[in-house]
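Report on the following structure.
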Amino acid sequence: MASPMIQPMIIAPLASQNEVYQRTERMLDSMANYQSLLADPKFNLREIAPAVAQLKEESVSLGPMLKGMDEKDPVAQIAREAMIIANKEITRFEEGGYVEDV
């Protein structure tokens, strides 16, 4: 019986503080865009959905970058707090928090 082939683990290098900062900036820019669309009555929820998807993509891509960063690192703290706020807003949108009762 042949033994199973073992695949080597690829460990991604830790993100630098500057990379986390830049990714956080992009996520905050996405959040600002989403906020402005949400505040503009010209846009309906279907038109806003791509902005939510972009915000979600930015938040998801930031998560792995924070693994291995010191909890007390100020950039990591800001990034984590921004992710929490973004994820709460994404959830609110996806669960219909902005659907008006008719």
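Filtering the range 39-60 to residues that are open to solvent by 20 Å² or more (accessible area, probe 1.4 Å) and either of a type in the set (V, I, T) or not in a helix (DSSP H, G or I) (or both) leaves D40, P41, K42, F43, N44, V60.
For the range 12-30, does any single residue satisfy the condition of being of a type outside the set (A, V, I, L, M) and modelled with pLDDT under 70? Walk me through how you get there before you give the answer.
Residues of the range 12-30 that are of a type outside the set (A, V, I, L, M), as a first pass: 13, 16-19, 21-26, 29-30.
Filter again for modelled with pLDDT under 70, leaving 13.
Yes, some residue in the range 12-30 is of a type outside the set (A, V, I, L, M) and modelled with pLDDT under 70.
Count of the range 61-100 residues, restricted to those that are free of Cβ contacts under 8 Å to residues at least 40 places away in the same chain, open to solvent by less than 60 Å² (accessible area, probe 1.4 Å) and over 14 Å from the mean Cα position of the chain (by Cα), is 2.
The values are calculated or read from the model by the stated rules, or taken from the named source; none is laboratory data. What you are looking at is a predicted structure, and each value in this text was computed from that prediction instead of being measured. Neighbour counts run over all protein chains shown; Cβ positions are idealised from the backbone, glycine included. Heads up: the accessible areas ignore ligands, DNA and RNA and are worked out on the full protein's heavy atoms, side chains in. Shrake-Rupley method; radii C 1.70, N 1.55, O 1.52, S 1.80 Å.
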